[in-house]
1. Among Gly44, Ser103, Ala157, whose Cα sits farthest toward the positive end of the charge dipole of the chain (+1 at Cβ of Lys/Arg, -1 at Cβ of Asp/Glu, about the Cα centre)?
2. What list of ³J(HN,Hα) couplings, whole Hz, do you get for segment 209-214 from phi and the Karplus terms 6.51, -1.76, 1.60, once you set θ to phi - 60° and write x for glycine and proline?
3. Under a point-charge model restricted to the Cβ atoms of Lys and Arg (+1) and Asp and Glu (-1), what is the dipole moment magnitude of segment 192-292 relative to its Cα centre, in debye to the nearest 20?
4. So how tilted is helix 256-268 from the main axis of the chain? Cα-based, degrees 0 to 90, rounded to 10.
5. Under a 5 Å amide H to amide H cut-off, with H placed in plane at 1.01 Å, what residues pair with Tyr302 once short-range neighbours are removed?
6. Using only the Cα atoms of the chain, build the gyration tensor, take square roots of its eigenvalues as a ≥ b ≥ c, and label the shape rounded, prolate or oblate: rounded if a/c is under 1.5, else prolate if a/b is larger than b/c, else oblate.
7. How big is the dipole moment of the chain about its Cα centre under a simple scheme where the beta carbon of each Lys and Arg is +1, that of each Asp and Glu is -1, and everything else is neutral? Debye, nearest 20, please.
8. In degrees, nearest 10, range 0 to 90: what is the angle between the Cα axis of helix 168-181 and the longest Cα principal axis of the chain?
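We did not get these values from a lab; they are worked out from the coordinates using the rules stated. Because the structure is a prediction, the values reported are computed rather than measured. Because the Cβ atoms are built from the backbone with ideal geometry, glycine has one as well, and the counts that use them run over all protein chains shown.
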Amino acid sequence: MANLKDISKKVGLSTATVSRALNGFDDVHPKTRARIEEAARELGYVANRAAKRLVSGKSNIICLVADLELVRKTRGAGSPDFLELISRLSCDLAERGFDLVFSVQSPNETAVAKYHDMIKRGIVDAFIVGAPVQGDPRIAFLQEVDFPFVVHGLPPAGMDLPFVSVDNVQIVCDPLHALLDLGHNNIALVQGSPDTTHALQRCDAYRDTLTEMGQGVDERMIVLGGDNSSHLKAKLLGLFSGRLGPRPTAIMCGSIALAETCFGILAELGLRVPADVSLVANDDGGEPVHFGAELPELCRTYFDWSDTSGPLAEVAIDVSQRGMRPGPEQRRNLSCEMIFGRSIARPSPDLGGKERAPQ
């Protein structure tokens with residue numbers, strides 16, 4: 001098995017330089033580090049984890065703590081496969097010489113307790129904080145103790161932190177422009193939990209886009225808390241009653257699961273998609289949901305959430321080695337794809353939609 005001396009001989013550098021390069025010290029020039037790492041791969045060098053930790057003071061372990069209830073929710077229709085994400089993240093970290101520790105927070109634990117315990121035991125170099133919310137206590141705690149972490153999702157408003165997320169502005173703007181181009185003026189936006197950072201950013205993007213397009217913003221059309229089916233049904237019944245103003249001619253849903261719920265409510269109201277109401281959803285890459293022959297193909301923005309594993313591994317390793325230095329390399333806003341299905345059409349005049357003159 002190759003050792004440091006073998007690598008040193010191959011690249012013509014001292015064993016000290018080789019050691020510092022392989023242990024992540026930042027006083028080695030990037031080109032030199034790359035040459036050393038390439039030689040190590042060619043020689044089949046395998047680092048001694050115990051010795052490496054003694055030299056660098058690092059464990060090369062990244063920790064992801066998940067809420068048990070949140071994990072259970074991912075079993076719902078159209079939800080991303082959490083196990084798939086964890087598996088891919090573990091593989092992506094392993095390819096880079098790191099290990100993933102996955103820990104589940106029980107219902108009896110506070111959000112901060114698990115993080116405090118892991119730091120106290122000294123076994124991890126950085127955390128991945130998933131499903132962030134405004135005023136997130138986990139983020140506040142990790143900032144207070146100055147421990148490296150990356151947010152999987154969008155950081156709370158006003159916080160410049162390392163993160164990996166899908167572009168929530170694009171998720172709203174692409175379908176919103178498509179619906180406006182078709183002549184829709186009354187477009188409802190349905191999102192899940194009202195305290196999640198991505199839902200709040202999407203609402204802001206919705207308002208900003210309508211304002212930029214010279215459209216008025218009707219706050220009635222923004223529905224938060226849609227993951228509560230009773231709440232969502234009450235909101236949609238109110239909107240489609242027409243008692244408080246124009247009825248929606250299109251609905252943009254934050255997830256496939258929300259689109260399925262909305263489709264069922266519309267069917268109860270005797271409304272057809274897209275003849276009466278256009279329907280668009282954001283698809284996180286979970287299990288496909290089939291709405292039946294009435295809606296064979298859903299118009300949607302698409303990004304497989306498990307594809308965040310590679311960028312997430314890269315940023316987590318970077319913050320563990322260099323600390324939190326928010327910049328392009330530690331802020332990854334990933335683009336989604338717009339897939340045009342047959343669930344959108346020009347607005348129905350019967351619901352108050354007014355078609356604009358063709359452009």
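1. After comparing all options, I get Gly44.
2. Using θ = phi - 60°, the values come out as 5, 5, 5, 5, 8, x Hz.
3. Value, rounded to 20: 460 debye.
4. Computed tilt is about 10 degrees.
5. For Tyr302, the qualifying residues are Asp283, Glu337, Met338, Ile339.
6. The shape class here is prolate.
7. For this selection, approximately 860 debye.
8. For 168-181 against the chain, the angle is about 30 degrees.
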